[in-house]
Amino acid sequence: MSGPKLFIWYHPTSFYSQKVLLYMKEKRLTNYDYKNVNPKSEIPVVKIGDKIVPDSSTIIQTLEDTFKEGYPNLTPSDKGHHFEQLYNSLEIRTLTFGAMHNVELTTNREIPDEPRLNYLTKIATKRPAILKAQAEAHPDVAEIYNEKLQQTVNFKVDKARLECELVKLEVILEETEQHLLQMDEKSWLCGNNITLADIYLALLMRRLVYVGLAYRYWGNGKRPNLSAYYQRWSEKKSFKEVFYPTSA
């Protein structure tokens, strides 16, 4: 297996950095270097040969198109693509910051309290200036940065918006539970092989654990198939390397 040299800029607690890292590990990409950067920088960003690619979804699609022969095909089936779209439709920033601002809705959260909240809030207020500077510095991908800038400017954390996402999440995870009920207990979402749909679901579930919202959706007898699915992921080497690097 061969291909262009990769370099990734990321931060270990960034959801979208974790998305790219878990994908790269499941894709079995090994010819890369990485730099852990301060999250005030725009991340993740991957350099593929001489090409700079921002935005986690764009990065993954570019890598999937670049590394084909000799690498696992992680593109899901139509049903898997349906779940992939469902998981991507959720507002991760709303779930993360909303949970941080409304701790009464959380249980057993792993994310640190006041220091982390103050730090992330400070970073979020600086993000528009960072995105604008990145768009000016990289005109070839300015459209991506400008789209993120608009999303950031329009983003507001409020309890009503969080509760709307929590209801949406309930529906999506119940559909996932019913789908898993029809599958073999050792199968992934699309069968025997992991696809992007599985990677996105694993990331989502891990984020819910991190911010203390997981208890609402699985565990203690609730959604046993989803619970077993997450347990299988948590035992995988790739999962441990991304989310628990010091113990992997």
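The values are calculated or read from the model by the stated rules, or taken from the named source; none is laboratory data. The model shown is predicted, which means the values in this text are computed figures rather than measured ones. Note that each Cβ is placed from the backbone with ideal geometry, even for glycine, and that neighbours are counted across all protein chains shown. These area figures cover heavy atoms from the full protein model, side chains too; ligands, DNA and RNA do not enter into them. Shrake-Rupley method; radii C 1.70, N 1.55, O 1.52, S 1.80 Å.
Observations, loosely collected:
- Unmet criterion (only one of (1) touching a Phe, Trp or Tyr at 6+ places or on another chain (Cβ under 8 Å); (2) surrounded by fewer than 16 Cβ atoms within 10 Å (Cβ to Cβ); (3) small (Gly, Ala, Ser)) for Gly49: (1)
- Per-region count, the range 66-98, residues in contact with a helix residue (DSSP H, G or I) (Cβ under 6 Å, 6 or more places away or on another chain) and exposed (fewer than 15 other Cβ atoms within 10 Å of the Cβ): 0
- Among the residues listed as Glu42, Glu104, the single one being over 20 Å from Asn192 (Cα atoms), open to solvent by less than 30 Å² (accessible area, probe 1.4 Å) and at pLDDT below 95: Glu42
- Residues of the range 211-245 satisfying the condition of being β-branched (Val, Ile, Thr) and under 21 Å from Glu165 (Cα atoms): Val211
- The range 53-80 residues that are farther than 19 Å from Ile8 by Cβ, paired with ones that are assigned to a strand (DSSP E or B) and open to solvent by 10 Å² or more (accessible area, probe 1.4 Å) (beta carbon under 8 Å, 6 or more apart): Ser77/Gly191
- Tallying residues that are modelled with pLDDT under 95, outside any helix (DSSP H, G or I) and of a type in the set (A, V, I, L, M, F, W, C) within the range 46-100 yields 5.
- Cross-chain or 6+ apart pairs with Cβ under 9 Å, the range 158-185 first and within 19 Å of Asp78 (Cβ to Cβ) and open to solvent by 50 Å² or more (accessible area, probe 1.4 Å), then of a type outside the set (S, T, N, Q) and assigned to a helix (DSSP H, G or I): Glu175/Phe83; Glu175/Leu86
- For the range 197-209, the condition holds for no residue, the condition being that it is in contact (Cβ under 8 Å) with a residue 40 or more places away in the chain, open to solvent by 30 Å² or more (accessible area, probe 1.4 Å) and not hydrophobic (A, V, I, L, M, F, W, C).
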